[in-house]
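Some notes on the structure that comes next.
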Amino acid sequence: MILAIDEGTSSARAIAYDAEWHPVATASRRLSTNHPQPGWAEQDPEAIIVAVVESVGEVLATVGGPRRIVATGLANQGETVVAWDRLTGAALAPAVLWSCRRSQGIVERIAAAGHGPDIRDRTGLPLDPYFSASKFRWLLEEVPEVASAADAGRLAFGTVDAWLTARLGSDAGTGDGGSPVTIARTDPSTASRTQLFALADLDWDDDLARTWGVPRQTLPRLVPTTGDLGSLADPSWGGAIPLRAMICDQQAALAGQGGHRAGAVKATFGTGVFVLADAGASVPAAPDGILATVAWGSPRAAATYALDGGVFSAGAFLDWLHDDIGVLGAPAELDGLATQVPDAGGVRMLPALGGLGAPWWDADARAVISGLSAASRRAHLARAALDAIAQRTADIIEAMAPAVASTLGPIRVDGGLTGSDVLMGRLADLVGRPIDVASDAESTGLGTALLAAIGAGRLDENAAASVAGTKRRVEPALDDAHRRAERSAWHDFVRAARALAPEHATSTEST
């Protein structure tokens, strides 16, 4: 069997696949996110370890133990960072999540020094606290334990994959504190999300490390996305499992959606929405507002690149509307509510709980609900919320389209929110293209397993691309004239909504 470990923002999942790519055992553990200040998001690094150990252990117990696993793939949540003592393995601070904006001041400082264009040229990424480098720097400046560890030569920095391999590597020794520690590892797909990794060289970049003030020796070892990457083990598992793939979660979903061909485009709907397109073997010239990144590859050798854009708040926005301010029912109930009305009745929402990502890149933007009247009902709010997610996804696909127009076919989608017929129908209408909904909503897990099979020599890329299936196609029903009018009205709304953010309003008043 092939085991996929999908360490995401809201949960850690383990899925065992048989030779026909059917999931035969699945387990998950929820992860809690803390928000100690507005715009901040963090998790307990030890809770991440426990969630992975327990979910993997449950699957192994179901399938007959580690001996049944011929290859394991590890996907991680991308830009989230952890700092730990490299000798003891003890975490030195909470894990700072990809969605956290606490390092905005550091980003502004780097921008004011004029480093933005060079960083974009080397990394393919704009200046934004979304990426890892500013989070590393914030930990060095604001957490005394991190600074002390750096001074003592004991500091290790990494994304979550590095943290997991440092603590769960089967070749681990025992540090001074009794915690297992080994060499932390990361692959080019995840390293390319840090703003410390040069796309052209496929390596950590000394100039970028100096610009951000992050000691290069604190960074994890670069390893290929696929191949013999060692093993993972925990005493509770009864043995080690062979690690044959490591990958950033959204790139894993691209692989799970048959993304091993140039121009393949997928959108994954989860906490956020993340759109990726396979861009081939050369560093792509990304359109305005779109990122260039690594899909998968080998350090200092060769890679497949991707174009990328993210909506930071999608499922998280719906959870906020339900859990925190109580204006809507549970996300699973929204379709039934939204279909009670033909449209949103003039209500609009901007899902910007953590700023706006691609292609707007406005860290100061805030969530907005507008157009309410005495005639507004909860059904209108439900429809407006789903419409907002569809519009934001269309923003990215529209911006990306010029770079992939010659090969762009149906948009492949996966993730829990693809169960919403209203959302998928609106997306098809707004992008003017068919939407193919994946047979396996967990494309991240499937892609991680496929890459592990490639790393173990049991599958090639062509065979992997053929595994992905589609359970339904949603055709657009809106004509081009109405689609263009809707998109134009949305752009006007976003521009107006952005101006409402306190930082923008202050700037306007000063001017």
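The values are calculated or read from the model by the stated rules, or taken from the named source; none is laboratory data. Note that the coordinates shown come from a computational prediction; the quantities given were computed from them, not determined experimentally. Using ideal geometry, Cβ is built from the backbone for each residue, glycine included, and neighbour counts are taken over all protein chains shown. What goes into the accessible areas is simple: the full protein's heavy atoms, side chains included, and nothing from ligands, DNA or RNA. Shrake-Rupley method; radii C 1.70, N 1.55, O 1.52, S 1.80 Å.
For region 350-356, backbone phi angles converted through the Karplus equation (6.51, -1.76, 1.60; θ = phi - 60°) give residue-by-residue couplings of 10, x, 10, 5, x, x, 9 Hz, Gly and Pro being listed as x. The modelled label-to-label distance for the pair ALA499/ILE325, using points 7 Å beyond Cα in the direction of Cβ, is 2.1 nm.
Along region 303-312 the Karplus relation, 6.51 cos²θ - 1.76 cosθ + 1.60 evaluated at θ = phi - 60°, assigns HN-Hα couplings of 8, 9, 9, 9, 9, 8, x, x, 9, 6 Hz to successive residues, with x for each Gly and Pro. Ordered by residue, what ³J(HN,Hα) values in Hz, to whole numbers, does region 76-85 give under the Karplus form 6.51 cos²θ - 1.76 cosθ + 1.60, where θ = phi - 60° and Gly and Pro are x? With the stated coefficients, region 76-85 comes to 9, 7, x, 7, 4, 10, 10, 10, 8, 7 Hz.
The C-alpha atoms of region 379-430 occupy a region whose extents along the principal axes are 39, 18, 15 Å, arranged from largest to smallest. Normalised by 2.2 N^0.38 Å, where N counts its residues, the alpha-carbon radius of gyration of region 372-511 equals 1.35. Here the accessible area of the chain is 49 percent carbon and sulfur, with a 1.4 angstrom probe and all protein chains present.
Please get the size of the charge dipole for the chain, origin at its Cα centre, with Cβ charges of +1 on Lys and Arg and -1 on Asp and Glu, quoted in debye to the nearest 20. Mind showing how you got there, number by number?
Details: 42 positive and 60 negative charges, 76 e Å.
With Lys and Arg at +1 and Asp and Glu at -1, about 360 debye.
Accessible surface ranking for ASP440, ASP249, 1.4 angstrom probe, highest first: ASP440, ASP249.
Length gained on full extension, ASN462 to ASP288: 59.5 nm, using 0.36 nm per residue less the C-alpha separation.
Placing one equal scatterer on every Cα of the chain and applying the Debye formula, the log10 ratio I(q)/I(0) at q = 0.08, 0.10 Å⁻¹ is -0.46, -0.74.
Count Lys and Arg as plus one, Asp and Glu as minus one, and take only other residues whose Cβ is under 14 Å from that of ASP121; the net charge is then -2. Residues whose amide H comes within less than 5 Å of that of ASP203, counting only those at least five positions distant or on another chain, are ALA198, ARG300 (H built at 1.01 Å from N in the peptide plane).
Any idea what % of Cα-Cα pairs in region 1-97 are farther than 22 Å?
That fraction is 36 percent.
So with the 1.4 Å probe, I'd like the accessible area per residue for the chain, rounded to whole Å². Spelled out: the 1.4 Å probe surface of the chain, per residue, equals 36 Å².
Would you rank LEU372, LEU450, LEU337 by solvent-accessible area, highest first, keeping every protein chain in place and using a 1.4 Å probe? Mind showing how you got there, number by number?
Working: LEU372 110, LEU450 0, LEU337 30 Å².
Largest accessible area first, the list is LEU372, LEU337, LEU450.
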